[in-house]
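Novice: Encoded as structure tokens, here's the structure I'll be asking about.
The values are calculated or read from the model by the stated rules, or taken from the named source; none is laboratory data. On a predicted model such as this, the values are computed, not experimentally measured, just so you know. Glycine also receives a Cβ, built like all others from the backbone with ideal geometry; neighbour counts cover every protein chain displayed. Quick note on the areas: whole protein, heavy atoms, side chains included, nothing else; ligands and nucleic acids left out. Shrake-Rupley method; radii C 1.70, N 1.55, O 1.52, S 1.80 Å.
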Amino acid sequence: MKKKTLSTITVALVLGGSSIAAPMIASAGPKIPALSYKGTITMYAQGFTPDVPGVYLAPNSPKLHMLENAAMEFEKLYPGIKIKFVNSNTYGSVQWYETQAAAGLLPDIVFVPISYANATLPSGMFTNLAPYFNEPNPFIPGNKRWSAIMNPRVLGITRAPGGEQYVLDGAWVATAFYYNKNLFKKAGITTVPHNWAQLVADTKKLKAHGIDPGAMSSQYMYSWWNRIFNANAVGKKEIAKLLAFTHSVGIVNQVDEVQGYAKGILNPAKNPAITAWWPAMKDLLSQWDKTVLEVPPNSTSASAPTPENYFSAQKVAMVYDGSWLPPILHSLPKKQQFPYGTFTISNLKGTSKYATNLVTSQDVGGPGTSYEYAVSTHKSDNTMTPAKLQAVMAWMQFMGTPQWDAKMVNEQGDFIPTFKGAKVPPSEASIARDLTKPWYDLDLFENLTGGAGTQIDSVFQEYVTGQISFQSAVQQYEQAVSQAVQQFKQQNSSTPS
């Protein structure tokens, strides 16, 4: 069965630039595209949305201006074009993308999670950007291929199974353990842990001093931990075999996963290493705050407790979280602020008999930030003409430069800009260096189909919170994986068996 598509009349779209003479940018060197389109380009920029009229930011969120500044610079080059930022109150809703697209009302450019664009949403909603990535970006001096300034690991993660690139991504989430220095000191912990045994020991020490050790979001519980443990347990040799299936560069993609499942490397029924680390996680999290752990995965309830709130209120000593936490901490009133630090775990010895020496602490994180921008097609956006598409892509190229990447991402807080030449904040320099090291994305099976992630997350949560046995959890996980693999193969009939 083919992936579902939006019904529409096919309209030919122009991919190339115009041959009409164009004005020069003094600092850029090459000619910028001549655009015949005059009018408005709409953009749903999600977390990077500027503080502009009609767009309402969440309480305590920073006021952003850099993307608006970029738009004003672009409008100076093209006086007949206006960039209009729009908002959506249904962030994360698959239904919003589908209903807007079905009516032809998607904005010209939209933030969209990579997994949505590549697997969950109907095909035909977004423009394949790969041809543009292979062409020069005229707004980057000396650039001969736009993709040359993009992080190859990000390109690997964002690439769809068929090789399409639906999303431009220029930011990386820095994920680590955030810890309260005062509470660690109170428990007598003078150095942060860097291996699993130390982490467990410090957790018990915090508990013994009457301090709640940590909080973990159920929404990311499996998705984050499985990347670290699976890559470590599978090991470098077997990962090399996975990459050889589709000749991927450092990134195990969806086709690799399906092939790895068929070969038994990633089949949990044949390779127990895939789930053998679960008891170690259960032992650790049994010491952590259960209130947050027991929130249903992917909960959209505004009243649901979050690890960020628990950590900000100093109710717990540590959380495992991403780059969206520091801006929250910085926005606290002065008298409520406290010293905090970060650490990662690089040695997983003892978590299972399959644990290897492969360092996987940098395997969590990645391009799951607000900088995931797709361009709507005429199928999902009834205003998208060939001339408008050319203008939209010129705007994407303009903001998709190291200069604006650094400005946008650094303004947001602690994300890492990934375009080559973009300035990285000093606080994130060490994590940015990790992106140049061997790195493997083994976020297994969650993104094969739209429902796979929720099902797998739920099974993992039920196990670590003691609702089901390990045997039952493994059986349910194996069933969920088998179903996801079969569904993926049906939706992508060209996938090798």
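Novice: Using 0.36 nm times the number of residues separating residue 420 and residue 72, minus their current alpha carbon distance, what extension gain do you get? Display every interim value, and only then the final one.
Specialist: Details: separation 348, 0.36 × 348 = 125.28 nm, distance 2.39 nm.
Separation in residues times 0.36 nm, less the Cα-Cα distance, equals 122.9 nm.
Novice: Taking the dipole about the Cα centre of segment 216-349, with the C-beta of Lys and Arg at +1 and of Asp and Glu at -1, give me whichever of 264, 240, 284 is farthest to the positive side.
Specialist: In segment 216-349, that residue is 240.
Novice: Please report the relative contact order for segment 239-332, taking Cα pairs under 8 Å with a sequence separation of at least 6, and give it as a percent rounded to a whole number. Intermediate values should be presented prior to the final figure.
Specialist: Details: 46 pairs, mean separation 11.2, N = 94.
The value is 12 percent.
Novice: Related question: Of 180, 114, 102, which is farthest along the charge dipole of segment 91-215 in the positive direction, counting Lys and Arg as +1 and Asp and Glu as -1 at C-beta?
Specialist: 180
Novice: Now, a different point. Run the simple label-point estimate for residue 454 and residue 475 please: 7 Å along Cα→C-beta, distance reported in nm.
Specialist: 2.4
Novice: What is the pair-distance distribution P(r) of segment 283-424, computed from all Cα-Cα distances in 5 Å bins starting at 0, with each bin given as a whole percent?
Specialist: Final binned percentages: 2, 7, 11, 13, 15, 15, 13, 10, 7, 5, 2, 0.
Novice: May I pose another question? Using the structure shown, list the pairs from 207/236; 315/423; 237/263 with a Cα-Cα distance above 25 Å, or answer none. Spell out each step's value before the answer.
Specialist: Values: 207/236 36 Å; 315/423 35 Å; 237/263 14 Å.
Pairs exceeding the cut-off: 207/236; 315/423.
Novice: I would also like to ask the following. Counting each DSSP H run of 4 or more residues in the chain as -39500 (n - 2.57), what helix-only mean residue ellipticity at 222 nm follows after dividing by all residues, to the nearest 500 deg cm²/dmol? Walk me through the numbers before you get to the answer.
Specialist: Values: 17 runs with 176 residues, N = 497.
So the helix-based figure for the chain works out to -10500 deg cm²/dmol.
Novice: Please compute P(r) over all alpha-carbon pairs of segment 356-421, binned at 5 Å starting from zero, and give each bin as a whole-number percent.
Specialist: Final binned percentages: 3, 13, 18, 17, 14, 13, 10, 5, 3, 2, 1.
Novice: Here's another thing I want to ask about it. Quick check on my link table: of 204/290; 185/349; 335/407; 181/290; 186/349; 204/282, which ones sit more than 19 Å apart, alpha carbon to alpha carbon? Please list the in-between numbers first.
Specialist: Working: 204/290 15 Å; 185/349 26 Å; 335/407 30 Å; 181/290 22 Å; 186/349 28 Å; 204/282 14 Å.
Checking Cα-Cα distances, 185/349; 335/407; 181/290; 186/349 exceed 19 Å.
Novice: Something else now. Across 10 Å bins from the origin, how do the percents of Cα pairs in the chain run, short distances first?
Specialist: 4, 18, 29, 27, 16, 6, 1, 0
Novice: Which percent of the accessible heavy-atom area of the chain goes to carbon and sulfur, probe 1.4 angstrom?
Specialist: Numbers: 11090 of 21090 Å².
In the chain, the share of accessible area belonging to carbon and sulfur is 53 percent.
Novice: About the Cα centre of the chain, how large is the charge dipole given +1 on each Lys and Arg Cβ and -1 on each Asp and Glu Cβ? Please answer in debye to the nearest 20. Present the calculation step by step, with values, prior to reporting the outcome.
Specialist: Details: 40 positive and 33 negative charges, 149 e Å.
About 720 debye.
Novice: Test of understanding: what is the full-extension gain from residue 205 to residue 303, defined as 0.36 nm times their sequence separation minus their Cα-Cα distance?
Specialist: Gain on extension, residue 205 to residue 303, equals 32.2 nm.
Novice: Return one whole number: the accessible area per residue of segment 104-170 in Å², for a 1.4 Å probe. Please list the in-between numbers first.
Specialist: Numbers: 2010 Å² over 67 residues.
For segment 104-170, the per-residue accessible area is 30 Å².
Novice: Further question: Lysines within cross-link reach of residue 144: Cα-Cα under 16 Å, excluding same-chain residues under 8 positions apart?
Specialist: Excluding near neighbours in sequence, the set is 31, 420.
Novice: Shifting gears a bit: Inverting the mean 1/r over all pairs of different Cα atoms, compute the Kirkwood radius of segment 270-336 and quote it in Å.
Specialist: 14.2
Novice: Among all the aspartates and glutamates, which ones have a C-alpha under 20 Å from residue 379's C-alpha, if same-chain residues fewer than 8 places away are not counted?
Specialist: 98, 108, 164
Novice: Using R₀ = 30 Å, calculate the FRET efficiency as 1/(1 + (r/R₀)^6) where r is the Cβ-Cβ separation of residue 433 and residue 241; round to 0.05.
Specialist: Working: r = 28 Å, r/R0 = 0.92.
My answer for the efficiency is 0.65.
Novice: Based on the Cβ-Cβ distance from residue 181 to residue 283, what FRET efficiency comes out when R0 is 25 Å, to the nearest 0.05? Walk me through the intermediate numbers first.
Specialist: Numbers: r = 25 Å, r/R0 = 1.01.
For R0 = 25 Å, the calculated efficiency reads 0.50.
Novice: Now a separate question. Between 133, 192, 491, whose Cα lies farthest towards the positive end of the dipole of the chain when Lys and Arg beta carbons carry +1 and Asp and Glu beta carbons carry -1, centred on the Cα centre?
Specialist: 192
Novice: Wrap a convex hull around the Cα atoms of segment 245-290, take a quarter of its surface area, and give that in square nanometres.
Specialist: Working: hull surface 18.4 nm².
For segment 245-290, averaging the hull's shadow over all directions gives 4.6 nm².
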